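Read-outs throughout are calculated quantities, based only on the coordinates presented, and are distinct from any laboratory measurement. All values derive from a computational prediction rather than experimental measurement. Heads up, the Cβs are rebuilt from the backbone with ideal geometry, glycines too, and the neighbour counts pull from every protein chain shown.
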Amino acid sequence: MLGRYSYHQIFRKSIIAFGTLFNNIIIKRKDSSRKEGFESLKCPIQYGPYQKYLAMIAAEPTPERQQMQISLPRMSFEIKGLHYDGSRKLVPTQLARTVPPKGSDGEGKPVQYSQYLPVPYNLDVELAIIAKNQDDGLQVLEQILPYFHPSLNVSIEVIDETHEERDIAVVLNGVGYNDDYEGDYSQRRTLIWTLNFTVKSYLFGPVDAQRDIRKITLDYRTDVVRRPAALRYSAEVESTENPPIPQDEIDPNLPDTYKVVETFEDIYSSDNDFFGLS
């Protein structure tokens, strides 16, 4: 069972969806030299620990580096943990079946996809807002918090083969604040707001492509002492077109092009009156 390769990039898609939520935040500052009376700045966001940007701020400029360190405010986010969510547990042995949008596997033969129900896992993600003055940080913060009470749903396509979409809940757990200013007036001040989120995602196993059923055979067996017997039931699709097309090429989406033929047979005797079949 283990060792079968499957990779749906679900964690990667969840993180991209999380970062996309915050990639269009703008702050405004008063500027009398401009016609509008203010300037607008887009707050950039990147994946990675915010300590990296604090190190860049504290680093001394060198000839190899630009004189300007980094612009503030900016945001960064990173994964802090991963754990199983038992409150969203599903039946592990139940299969979910879906039909491809075009009803074909690329060879003109109808198929359906099947896979076990997903396993719920939670991603712990930390979002940091780094600013050099209080007003910039509060502007960014007030553009985020009103949308979380305390969760926000994001729809993503989790499986490329089946094109299945799932609503991923992003839950805001808490907000922290830190002012790392210590020292004299020559030291640069940095304000840090940390928002802790939980991304409620799902993990899927491998996808199996199965052909739809074109013929079935079912045997009924009895325990009659005097005459052991069995009844066989069979059903299969037949083409109604002229000339008829092969069974494997029948399109199930066109019910007028085929019919279902059912037969009953006593496989141990030709006396079908025993079962009332004649």
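Most tightly packed first, judged by the mean number of other beta-carbon atoms within 10 Å of their residues, the peptides 248-255, 128-135 read 128-135, 248-255. Between TYR5 and TYR84, the distance separating the two model label sites (each 7 Å from Cα on the Cα→Cβ line) works out to 2.7 nm. Taking label positions 7 Å along the Cα-Cβ direction at both THR257 and PHE38, the computed distance is 6.2 nm, reported to one decimal. Applying 1/(1 + (r/R0)^6) with R0 = 22 Å to the Cβ-Cβ distance of LEU203 and THR93 gives a FRET efficiency near 0.85.
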